[in-house]
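Below: one structure, written as structure tokens.
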Amino acid sequence: GYGDHRDLHSFPTRRSADPADLARRADLAALVAQLPAGAKVAGSEQVVPHVSGRESAYTLRFGIYDADYLIIQRPIRGDERPFAEPALRDGTFGAIDERGSFVLAKRGAPTTSNASVIARLGQ
């Protein structure tokens, strides 16, 4: 019940954001700002809430579908890697920007940064 302090550990507490949280939010916002209106996006689990107002926003662990852009958060989740890594490896998507732990990739973009991004997906 309410008197049991152990219940407090069941839910994440709402605390003021620490500098790392604020930096992550700023990094993600900088990438989201580059998305054209109407662009279809597939994103990592923590990213999707930030693009969910779009008509087409997909959760990367279910697939890429017809997304124009990917926003991947590193370290990549095990259930997201089977979709994101092949798309970068085969050149379908090219990494176009990277901020902190987030990578923005665009369908059909140059792939010059992909090998570096792939090498660091798990980090």
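Worth a mention:
- 12 Å beta-carbon shell around ASP97, net charge (K/R +1, D/E -1): 0
- With the convex hull constructed from alpha-carbon coordinates only, region 47-113 shows a mean projected area of 4.4 nm² over all directions.
- For the chain, the solvent-accessible area of protein heavy atoms averages 59 Å² per residue (probe radius 1.4 Å; ligands and nucleic acids excluded).
- Options [x] -0.36, -0.50, -1.48; [y] -0.40, -0.53, -1.36; [z] -0.45, -0.63, -1.38 - which one matches log10 I(q)/I(0) by the Debye sum over Cα atoms at q = 0.11, 0.13, 0.23 Å⁻¹ as calculated here: [y]
- Couplings 3J(HN,Hα) of region 82-87, computed from phi: x, 9, 6, 4, x, 5 Hz, in residue order, whole Hz [Karplus 6.51 cos²θ - 1.76 cosθ + 1.60, θ = phi - 60°; x for Gly and Pro].
- Put simply, the amide H of ARG99, placed in the peptide plane, has neighbours under 5 Å in LEU104, leaving out anything fewer than 5 places away on its chain.
- At most 10 other Cβ within 10 Å, DSSP loop - trypsin sites (Lys or Arg not before Pro), region 45-119: none
- Across the accessible surface of the chain, with the other protein chains kept in place and a 1.4 Å probe, carbon and sulfur atoms take up 54 percent.
The values are calculated or read from the model by the stated rules, or taken from the named source; none is laboratory data. Since we're looking at a predicted model, the values are computed, not measured. A quick note on method: Cβ atoms are made from the backbone with ideal geometry, for glycine too, and the neighbour counts reach across all protein chains shown. Heads up: the accessible areas ignore ligands, DNA and RNA and are worked out on the full protein's heavy atoms, side chains in. Shrake-Rupley method; radii C 1.70, N 1.55, O 1.52, S 1.80 Å.
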